[in-house]
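Student: Starting off with a structure, shown below.
The values are calculated or read from the model by the stated rules, or taken from the named source; none is laboratory data. Because the structure is predicted, anything quoted here is derived from the model rather than measured. Glycine gets a Cβ as well: all are built from the backbone with ideal geometry, and neighbour counts include every protein chain shown. Note: areas computed on protein heavy atoms with side chains; ligands, DNA, RNA excluded. Shrake-Rupley method; radii C 1.70, N 1.55, O 1.52, S 1.80 Å.
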Amino acid sequence: MTTGTTIILGIESSCDDTAVAVIRGNVILSNVVASQLIHSRYGGVIPEIASRNHQEMIWLTMQEALNQANVGMEQLNAIAVTKGPGLLGSLLVGVSFAKGLSLVTNKPLLGVHHMKAHILAHFIADANQIAPPFPFLCLTVSGGHTQIVLVKTPLEMEILGKTIDDAAGEAFDKAAKMLGLPYPGGPFIDKYGMLGNENKFVFSKPKINDLDFSFSGLKTSIKYQLEKWEREDSNFVKSNRNDLCASIQKTIVDILVDKCILAVKQTGIRDFALAGGVSANSKLRAQFVGKMDEINVKTYIPKFDYCTDNGAMIAMAGKFLFEHKIFENQELCAQAKLNF
Ligand code: KG4
Ligand code: ZN
């Protein structure tokens, strides 16, 4: 693990969290997240509202991060920002802000890939997490992505499998919406699922080849079954909320963990990490660790603070770019879609 005294500011604005962090070496000095709760009332992120809120919050969030870290702007060695993938309007706010900051402070600019940053969060020095050795596998599960990634070095990553339709986080959120739970629904399914019987209801699992995933069939299966049960008993969802959450959660987690087992069989790699917002899910964390343990695979689970979107992971990924002198200039563009 690399340490040192390089100080980097990390700026994240790809979706609905305005987040800024300061890292020194691999140690996080501050990690400030301003979450936009307003989207909850619409049942999903409204891109226009998200970008306007980023505009309002980004300066204050940065100031708070610098204050908490007790670091002055002049002490920064570089400014790292998420360049994609994500919502274009949201990304534009962070990228434009970082470019302006780089221009006025004359500090180098680093452009970070959001999904790679989720993975690289494992290298933050923290008593609650251990960094995996290279090469390792990573199940990267967020609101927009579901991937099994072969991580060869901090900069070289290969996607071995990905979702062909919805992401795992989307499956959680859409199922939660059908159950009348607020957005984002993943954490609510987790909370109520802990109280329910996961074997009470059975939902269909997709048959997808190799290491790819699919969640849209599950979404349809949940929709039709709920409609049928509600026709028979209009109180059905309310009175079975915990068991429904537990059963849906079990189905999603089984799909994810089964593919992880297959990835180990195919690659022979025995170090497996979790990353992305859905890695905060308690059932996924427990089942992933348990099943990997059975086949003698070492697991790496991120600290909760570094699972959902945060600036710390952007600063950490920026540190690797800085070490390899991979800088951006004022031509840097936000990219809604961005390949690995
Ligand atoms: O990585 P992330 O914060 O943002 C994106 O890059 O998309 O992931 C957000 C996703 C949402 O779908 C949210 O419902 C899900 O992560 N999530 C969870 C949990 N916490 C967050 N899903 C299941 N259980 C959780 N505890
Ligand atoms: Zn994310």
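Student: Once neighbouring chains are kept in place and the probe is 1.4 Å, which whole percent of the accessible area of the stretch 91-227 is contributed by carbon and sulfur?
Tutor: It is 56 percent, rounded to a whole number.
Student: Right, next: Would you mind putting 96-104, 169-177 in packing order, based on average other-beta-carbon counts within 10 Å, highest first?
Tutor: Descending mean neighbour count gives 169-177, 96-104.
Student: Show me, bin by bin at 10 Å from 0, the whole-percent P(r) of the stretch 130-301 based on Cα pairs.
Tutor: Here the calculated profile for the stretch 130-301 is 10, 40, 32, 14, 3, 0.
Student: Find how much the distance from Arg52 to Asp254 grows on full extension, using 0.36 nm per residue of separation minus their present alpha carbon separation; answer in nm with one decimal.
Tutor: Working: separation 202, 0.36 × 202 = 72.72 nm, distance 3.81 nm.
That pair, Arg52 and Asp254, stretches by 68.9 nm at full extension.
Student: For the Cα atoms of the chain, what angle does the longest principal axis make with the long axis of helix 311-323, in degrees from 0 to 90, nearest 10?
Tutor: The two axes meet at around 50 degrees.
Student: Further question: Given a cut-off of under 8 Å on Cα pairs at least six residues apart, what relative contact order in percent is computed for the stretch 241-340?
Tutor: 25
Student: Under 30 Å from the Cα of Lys238, which lysines turn up, not counting those fewer than eight places away in the same chain?
Tutor: Lys174, Lys177, Lys191, Lys200, Lys205, Lys219, Lys223, Lys228, Lys250, Lys283
Student: Return one whole number: the accessible area per residue of the stretch 130-301 in Å², for a 1.4 Å probe.
Tutor: Per-residue value: 44 Å².
Student: Let me have the 222 nm mean residue ellipticity of the chain computed from DSSP H runs of 4+ only, each contributing -39500 (n - 2.57), with the sum over all residues rounded to the nearest 500.
Tutor: On the way: 10 runs with 141 residues, N = 340.
Counting only the DSSP helices, I get -13500 deg cm²/dmol.
Student: Ok, one more. Based on the Cβ-Cβ distance of Gln266 and Leu103, what FRET efficiency does E = 1/(1 + (r/R0)^6) give at R0 = 30 Å, to the nearest 0.05?
Tutor: After rounding to 0.05, the efficiency reads 0.05.
Student: Under the 0.36 nm per residue contour assumption, what length would be gained going from the current alpha-carbon distance of Glu64 and Leu195 to full extension? Let's see the in-between values first.
Tutor: Details: separation 131, 0.36 × 131 = 47.16 nm, distance 3.75 nm.
The span from Glu64 to Leu195 would gain 43.4 nm if fully extended.
Student: Taking a cut-off of 25 Å between Cα atoms, list the lysines near Lys99, but don't count ones fewer than 8 places away on the same chain.
Tutor: Lys83, Lys107, Lys116, Lys319, Lys325, Lys337
Student: Please state the Cα pair-distance histogram of the chain with 20 angstrom bins from zero: what percent is in each bin?
Tutor: Over the chain, the share of Cα pairs per 20 Å bin runs 32, 56, 12, 0 percent.
Student: Before anything else, pin down the relative contact order of the chain: Cα pairs under 8 Å, at least 6 apart, normalised by residue count, whole percent.
Tutor: 25
Student: What ranking do 291-302, 242-253, 183-194 get when scored by the average of other Cβ atoms within 10 Å per residue, highest first?
Tutor: Numbers: 291-302: 16.5, 242-253: 23.1, 183-194: 21.1.
Order by mean packing, descending: 242-253, 183-194, 291-302.
Student: For the chain, take the longest principal axis of its alpha carbons; what is the angle in degrees between that and the long axis of helix 241-267, to the nearest 10 within 0 to 90?
Tutor: On a 0 to 90 degree scale, this one is about 60.
Student: Quick one: compute the contact order of the stretch 130-301, relative version, from alpha carbon pairs under 8 angstrom and 6+ residues apart, as a percent.
Tutor: The normalised contact order for the stretch 130-301 reaches 28 percent.
Student: For the chain, find the longest principal axis of its Cα atoms and tell me its angle to the long axis of helix 47-69, 0 to 90°, nearest 10.
Tutor: Compared with the principal axis, the helix lies near 60 degrees.
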